[in-house]
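Visitor: Dumping the structure here so I can ask a few things about it.
The values are calculated or read from the model by the stated rules, or taken from the named source; none is laboratory data. Note that the structure is a prediction, hence the values are computed from the model and not measured. Don't worry about glycine lacking a Cβ; one is built from the backbone with ideal geometry, like all the others, and counts go over all protein chains shown. Only protein heavy atoms, including side chains, enter the accessible area calculation; ligands, DNA and RNA are left aside. Shrake-Rupley method; radii C 1.70, N 1.55, O 1.52, S 1.80 Å.
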Amino acid sequence: MALSKNYIPEDTEQKWYAHWMEKGYFHSQPDDRKPFTIVIPPPNVTGVLHMGHTLNETVQDILIRRARMQGYNACWVPGSDHASIATEAKVVAMLKEKGIKKSNLSRDEFLKYAFEWKEKYGGIIYQQIKKLGCSCDWKRTTFTMDDHYYKAVIKVFVALYQKGLIYRGARMIHWDPAAQTALSDEEVEYREVNSKLYYVRYPLENSDEFITIATTRPETIPGDTAICVNPTDIRYHHLKGKFAFVPLVNRRVPIIFDEYVDKEFGTGCLKVTPAHDINDYNLGLKYHLETIDVFNPDGTMSKAAQVFVGEDRFVVRKKIVAELKEKGFLVKEEAIINKNGFSQRTHAVVEPRISTQWFLKMNELSKEALDMVLNEEIRLYPEGRLLNTYRYWMENIKDWCISRQLWWGQRIPAWYDENGNVYVAETEEGAIEGWRKAESKIQRAEGGKPPFDFAQGDKDQRSEIKDQRLRQDDDVLDTWFSSWLWPIEVFNGISNPGNKEINYYYPTTVLVTGQDIIFFWVARMIMAGIEFKQEKPFDHVYFTGMVRDKQGRKMSKSLGNSPDLLKLIDLYGADAVRFGIMIASPAGNDLLFDESSLEQGRNFCNKMWNALKLVKSWEVKEASDGIENDFAVHWFENRFNEAALQVQSLFENYRLSEALKILYSLIWDDFCSWYLEWIKPSDKQISSKTLNNTFLFFEKLLQLLHPFMPFVTEEIYHQLTPGKKEDDLMIKPLAEVKPFSPAILEEGQLARQVITAIRDARNKHQLKNKDLITLQIQTLNQEVYRSFGDILIKQVHATALHFSAQSFQHSISMVVQKDTINIQMPHHNNADTSLQKDKLLQDLQHQKGFLASVEKKLSNERFVLNANPELVERERKKQSDAAARIRAIEESLKTL
């Protein structure tokens, strides 16, 4: 069957993915091989694959495919995160479209809808990951609300509570009014926004005077319970012991003095609103101030505010400013830029709020997790990039607010009795047993009988206790409280700690993730690994950069600059998309995405496809009749070995983009543009030895490239010798990297430079291909030229190659490295010497400048004494080579 004109990705991608799945190549089971384990950063179950996912998943697939070809037992575990806030918001929106309010449903009814939504939409992202070609072990797909995972999260909560690391208390926390839930510090993003500073007058008691304060949040004025000034601020010494009245609500509040106040900000007077600012909250505790919460959980004004009750806080801001102005309290407004906190999930402006929540103490957990990274037991890549960031966060860590006011997620395993006592247990039965023991202890201490003395298995009495006396906490755990167990529980390491798989696959090999979740997830997974497995969760962490558009902007739906991945795959093919995103992604740096890089990837596929068609068109000729192309074969074998060694080193340091660039150049330039052209027969007749070597080289190139571009490489591999391969490229073991000869590579480089120089000269002198030339070379390395002489004559359309100490008369001369190349056309004695002379003079000027810079470096005694001897020797070789080139150029100029 004839090959198509160009590579057609849609004809191959579905075919090969189905084949790989059918063969079970992606699945791993423990055996006697060394494991190479990756756990996917679980995308939100609500999500679709965006460009950030594409980069992350492509990097993981490249690593896992190469490890599989290296003989490791490669295991890549996929899965998704239940994403409490995002998913609950999606389900609430879906119910709203049906005319159903969450508030009208029971918890169980809501969760039924949530699981139905998850089953309908939760698998979309998996199909997209498959479309990209990712070789995940789909039999291991894990969801953070799976039964075993749910139980593991509850088990961990109880263990940490019993250890005294989890506690419940009223604290000032971050509150998301849109999701109506608490947030951890790390879930708040701070952004600069245009704002206003309002100067407001507060009447002083028993006086006609006012005290003026500056605030950015006039809507919180109804919650003010004091005014604070700095005790060193002489402007306000006369106000000690005085009182003022809060505008609009006419509340009498004290004027207090504390050094916390910045005298230089605004008027130097601070309104104190303990319910709505963490610093004000601390002042309130210190001075025993009243705390008045003026907001409802949804961000509307509460009854305690007394004004504009039930209206949205930002609508009220405008109304309060208008009323302050109308009643003479507003002095002026100033435009400023300040930072506001936004919820990462809903993008709502976050409110500080005093709330009773569950917290996890982090100091004890963080110490060993910090040391493990500082001591390089876990290595971060790119090296050195995020180490200081990690250290700063771990050294300044705060307790983690782990409770969320939602229904979707792992429900906190705490039950309360009528007196507010809490009983933490993995099950309701455990909580009842805890309550019974506590009650029995009280009764015995008072000399009475236990309230219940039921026999083992008396479910009726236990049920009565639960229904009448115990109530489970309504909140769920933060999603990250489940995600931090991911590398452990995907192998059932918490729920079944002694199982074979956790002991085989854990710790995992490398985590590939974004820099933005180093605190949310990476640091916490390290803590969990140490706490629950007494071992690190992974050996290495590779941080990808952020995908931005070519203008440097973060990709987002609102900007309309985030492309549809599936459309890109349909347009260019999965391999081209993978190529495009990797070629533009230097290790750890942000990626400026440009669709032209996908076009480059598509062109690369077609280049290899055309190379396939070329070599398939050749026919074997008897070896005795054919040119063996020894030089070309020997050179490319060494060039391949050199590149394979470079790629191996780059993989070890996670410099994948650079590895791809080397392979791109190796295939496009070295193999297609040079090697194939050197061996290409004029009559399509080629020796079996050369053709076999060419097929071998092609296969080895496809093998190195396969992790980056799996579909096109598998297809070409099978097309090279159809029907003869029972194996597949995906599982073909990589051969050991062999050494290479620098001398052979230098000879190949010389051949390429000479051919390029002669071609340039022909073009400048407007010589057509049919215009045959004669070559004369002035060199001390005649044997080297003779080794590739046949190639040289064929490539530059020459009739003969001569060696001489003298130049041809009326020839075109050029200098390549240390040698002078002269070309002459029969019956053509009028070569334009002016063009040659100009080119040689330019080269001479460049070489003299280069020689001067090298000699300046070598004249520096400090450099010669302190630099690495190999570096000094390289500089001396540059010096001698440049001097030789200058002499050759000057000799050529004399002949002109």
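Visitor: Calculate one ³J(HN,Hα) per residue across the stretch 54-62 by plugging θ = phi - 60° into the Karplus curve 6.51 cos²θ - 1.76 cosθ + 1.60, and present them in order as whole Hz with x for glycine and proline.
Guide: The phi angles translate into 4, 4, 5, 5, 5, 4, 4, 5, 4 Hz.
Visitor: Can I ask one more? Carbon-plus-sulfur fraction of the accessible area of the chain, 1.4 Å probe, in percent? Before the final figure, lay out each step's value.
Guide: Working: 20110 of 42180 Å².
In the chain, the share of accessible area belonging to carbon and sulfur is 48 percent.
Visitor: Can you tell me the convex hull volume per residue for the stretch 199-289, based on C-alpha atoms, in Å³ to the nearest whole number? Show your work: numbers first, answer last.
Guide: Details: hull volume 8.2 nm³, N = 91.
Spelled out: Cα convex hull of the stretch 199-289, divided by residues, is 91 Å³.
Visitor: Still on this model: For the stretch 697-797, build the convex hull from the C-alpha positions and give me its volume per residue in Å³. Please report the intermediate quantities before stating the final value.
Guide: On the way: hull volume 17.8 nm³, N = 101.
That works out to 176 Å³ per residue.
Visitor: Moving to a separate point now. From the Cα gyration tensor of the stretch 758-812, with a ≥ b ≥ c the square roots of its eigenvalues, which class applies: rounded if a/c is under 1.5, or else prolate if a/b is larger than b/c, or else oblate? Before the final figure, lay out each step's value.
Guide: Details: a/c = 2.21, a/b = 1.35, b/c = 1.63.
Oblate, because a/c is 1.5 or more while a/b does not exceed b/c.
Visitor: Nearest 0.05, what FRET efficiency do Lys398 and Lys689 give at R0 = 56 Å with Cβ-Cβ as r? Write out the running numbers ahead of the final one.
Guide: On the way: r = 70 Å, r/R0 = 1.25.
That pair, Lys398 with Lys689, gives E of 0.20.
Visitor: I need the Kirkwood Rh of the stretch 628-744: take the reciprocal of the average 1/r across all distinct C-alpha pairs and report it in angstrom.
Guide: Values: mean 1/r = 0.0665 Å⁻¹.
Final number for the Kirkwood radius of the stretch 628-744 is 15.0 Å.
Visitor: As I understand it, the value is the acute angle between the Cα axis of helix 833-858 and the longest principal axis of the Cα atoms of the chain; what does it come to in degrees, rounded to 10?
Guide: The answer is roughly 50 degrees.
Visitor: Still on this structure: Can you list, largest first and rounded to whole Å, the semi-axes you get for the stretch 1-51 by taking the square root of 5 times each eigenvalue of its Cα gyration tensor? Could the numbers behind the result be given before it?
Guide: On the way: eigenvalues 179, 94, 20 Å².
Here the semi-axes work out to 30, 22, 10 Å.
Visitor: Continuing with this model, one more query. Given a 1.4 Å probe, how much area per residue of the chain is accessible, in Å²? The partial results should precede the final answer.
Guide: Details: 42180 Å² over 896 residues.
Computed with neighbouring chains in place, this is 47 Å² per residue.
Visitor: Between Phe143, Leu380, Leu111, whose Cα lies farthest towards the positive end of the dipole of the chain when Lys and Arg beta carbons carry +1 and Asp and Glu beta carbons carry -1, centred on the Cα centre?
Guide: Working it through, the farthest residue towards the positive pole turns out to be Leu380.
Visitor: What Kirkwood radius, in Å to one decimal, follows from the Cα pairs of the stretch 280-439?
Guide: Working: mean 1/r = 0.0469 Å⁻¹.
After inverting the pairwise mean of 1/r, the radius is 21.3 Å.
Visitor: How many lysine pairs in the stretch 193-289, separated by 8 or more positions in sequence or lying on different chains, have Cα atoms less than 18 Å apart?
Guide: On the way: Lys196/Lys271; Lys240/Lys263; Lys240/Lys271; Lys240/Lys286; Lys242/Lys271; Lys263/Lys271; Lys271/Lys286.
Qualifying lysine pairs in the stretch 193-289: 7.
Visitor: I would also like to ask the following. Would you list the P(r) distribution for the stretch 38-166, with all Cα-Cα distances sorted into 5 Å bins from 0 and each bin expressed as a whole %?
Guide: 2, 9, 16, 17, 15, 14, 12, 9, 4, 2, 1, 0
Visitor: Something else: As a test of the definition: which semi-axes, in Å, follow for the stretch 64-111 when you take the square root of five times each eigenvalue of its alpha carbon gyration tensor? Largest first, please. Write down the numbers at each step before the final one.
Guide: On the way: eigenvalues 369, 21, 10 Å².
Each semi-axis is √(5λ); the values are 43, 10, 7 Å.
Visitor: Could you give the C-alpha radius of gyration of the stretch 751-888 expressed as a fraction of 2.2 N^0.38 Å, taking N as the number of residues it contains? Please report the intermediate quantities before stating the final value.
Guide: Numbers: Rg = 17.7 Å, N = 138, 2.2 N^0.38 = 14.3 Å.
Rounded to two decimals, the normalised Rg is 1.24.
Visitor: Right, another one. Mind giving me the FRET efficiency for Lys877 and Glu290? R0 is 56 Å, r the Cβ-Cβ distance, nearest 0.05 is fine.
Guide: Values: r = 82 Å, r/R0 = 1.47.
Given R0 = 56 Å and the Cβ-Cβ separation, E is 0.10.
Visitor: May I ask you to give the average projected area over all directions of the convex hull of the Cα atoms of the stretch 331-373, in nm² rounded to one decimal?
Guide: Working: hull surface 27.9 nm².
Averaging across all directions leaves 7.0 nm² for the Cα convex hull.
Visitor: Next question. Evaluate the charge dipole of the chain about its Cα centre and quote only its size in Debye, nearest 20, assuming +1 on the Cβ of each Lys and Arg and -1 on the Cβ of each Asp and Glu. Could you put the intermediate results ahead of the total?
Guide: Numbers: 116 positive and 123 negative charges, 279 e Å.
Approximately 1340 debye in magnitude.
Visitor: Give me the one-decimal nm value for the distance between modelled label points at Glu426 and Val188, 7 Å along each residue's Cα-to-Cβ direction.
Guide: Simple spin-label model gives 3.6 nm for this pair.
Visitor: Give the long-range amide H neighbours of Ala275: residues separated by 5 or more places, or on another chain, with amide H under 5 Å away, using H modelled in the peptide plane at 1.01 Å from N.
Guide: Here Ile292 satisfy the definition.
Visitor: Can you give the Rg to Rh ratio of the stretch 191-251, both from alpha-carbon atoms, with Rh computed by the Kirkwood formula?
Guide: On the way: Rg = 13.0 Å, Rh = 13.0 Å.
A ratio of 1.00.
Visitor: Please compute the length gained on full extension between His810 and Leu865, using 0.36 nm multiplied by the number of residues separating them and subtracting their Cα-Cα distance.
Guide: Details: separation 55, 0.36 × 55 = 19.80 nm, distance 4.95 nm.
Taking His810 through Leu865 to full extension adds about 14.8 nm, to one decimal.
Visitor: Looking at the P(r) of the stretch 136-221, how many percent of alpha-carbon pairs lie beyond 16 Å? Spell out each step's value before the answer.
Guide: Values: 2879 of 3655 pairs.
Tail of the P(r) past 16 Å holds 79 percent of the pairs.
Visitor: Which loop trypsin sites (Lys or Arg not before Pro) in the stretch 665-746, with loop taken from DSSP, have no more than 12 other Cβ atoms within 10 angstrom of their Cβ?
Guide: Numbers: sites: Lys684, Lys689, Lys700, Lys724, Lys725; in loops: Lys684, Lys724, Lys725.
Taking the stretch 665-746 and a limit of 12 other Cβ atoms within 10 Å, the loop trypsin sites (Lys or Arg not before Pro) found are Lys684, Lys724.
Visitor: When the convex hull of the C-alpha atoms of the stretch 264-334 is computed, what volume per residue in Å³ does it have?
Guide: Numbers: hull volume 8.7 nm³, N = 71.
Spread over its residues, the Cα hull of the stretch 264-334 gives 123 Å³ apiece.
Visitor: What length, rounded to one decimal in nm, is gained on full extension from Asp473 through to Gln534, with 0.36 nm per residue of separation minus their alpha-carbon distance?
Guide: That works out to 18.9 nm of additional length.
Visitor: Taking N as the number of residues in the chain, what is its alpha-carbon radius of gyration divided by 2.2 N^0.38 Å? Walk me through the numbers before you get to the answer.
Guide: Working: Rg = 37.1 Å, N = 896, 2.2 N^0.38 = 29.1 Å.
Expressed relative to 2.2 N^0.38 Å, the Cα Rg reads 1.27.
Visitor: If you don't mind, there's one more thing I want to ask. How far is it, in nm, from the label point at Lys151 to the one at Ile124 when both lie 7 Å from their Cα along the line to the Cβ?
Guide: Roughly 3.3 nm, to one decimal.
Visitor: Could you size up the charge dipole of the stretch 1-155 around its Cα centre, putting +1 on the beta carbon of Lys and Arg and -1 on that of Asp and Glu, and report it in debye to the nearest 20? Show your work: numbers first, answer last.
Guide: Working: 23 positive and 18 negative charges, 28 e Å.
That gives a dipole near 140 debye.
Visitor: When the helices in the chain are scored as -39500 (n - 2.57) per DSSP H run of 4 or longer and the sum is shared across all residues, what 222 nm value do you end up with, to the nearest 500 deg cm²/dmol? Each step should come with its number before you reach the end.
Guide: Numbers: 30 runs with 388 residues, N = 896.
Result for the chain, helices only: -13500 deg cm²/dmol.
Visitor: Moving to a separate point now. Mind listing the long-range amide H neighbours of Tyr202? Cut-off is under 5 Å, sequence gap 5 or more, other chains count too, H placed in the peptide plane at 1.01 Å from N.
Guide: Under 5 Å from the amide H of Tyr202: Ile211, Thr212, Ile213.
Visitor: Amide H neighbours of Thr774 under 5 Å, at least 5 residues apart or on other chains, H built in the peptide plane: list them.
Guide: Thr799, Gln824, Met825
Visitor: At Tyr260 and Glu619, where each label point lies 7 Å from the Cα along Cα→Cβ, what is the point-to-point distance in nanometres?
Guide: Here the modelled spin labels are 9.3 nm apart.
Visitor: Which three lengths, in whole Å and largest first, does the stretch 482-628 cover when its Cα atoms are put on their principal axes?
Guide: That works out to 71, 50, 24 Å along the principal axes.
Visitor: To the nearest Å, what is the center-to-center distance of the stretch 502-539 and the stretch 61-96, using C-alpha atoms only?
Guide: So the two Cα centres are separated by 16 Å.
Visitor: Right, next: Can you tell which of Phe803, Ala523, Tyr236 lies farthest toward the positive end of the dipole of the chain, using +1 and -1 charges on the Cβ of basic and acidic side chains (Lys, Arg; Asp, Glu)?
Guide: Result: Phe803.
Visitor: Further question on the same structure: Using a Cα-Cα cut-off of under 14 Å, which aspartates and glutamates could be cross-linked to Lys102, ignoring same-chain neighbours fewer than 8 residues away?
Guide: Straight-distance partners of Lys102: Glu88.
Visitor: From the mean inverse distance of alpha carbon pairs (Kirkwood) and the Cα radius of gyration, derive Rg over Rh for the stretch 556-600. Don't skip to the end; give the middle numbers.
Guide: Values: Rg = 10.8 Å, Rh = 11.1 Å.
Radius of gyration relative to Kirkwood radius: 0.98.
Visitor: Express in Å², to the nearest 10, the accessible area of Val294 obtained by rolling a 1.4 Å probe over the protein heavy atoms while all chains stay in place.
Guide: Solvent-accessible area, nearest 10 Å²: 0 Å².
Visitor: A follow-up question, please. What does the stretch 1-92 give for Rg and for Dmax, in Å, if only its C-alpha atoms count?
Guide: Expressed in Å, the Cα Rg and Dmax of the stretch 1-92 come to 17.4, 56.
Visitor: What are the semi-axes of the equivalent ellipsoid of the stretch 512-591, taken as the square roots of 5 times the eigenvalues of the Cα gyration tensor, listed largest first and rounded to whole Å?
Guide: On the way: eigenvalues 198, 45, 29 Å².
Semi-axes from the Cα gyration tensor: 31, 15, 12 Å.
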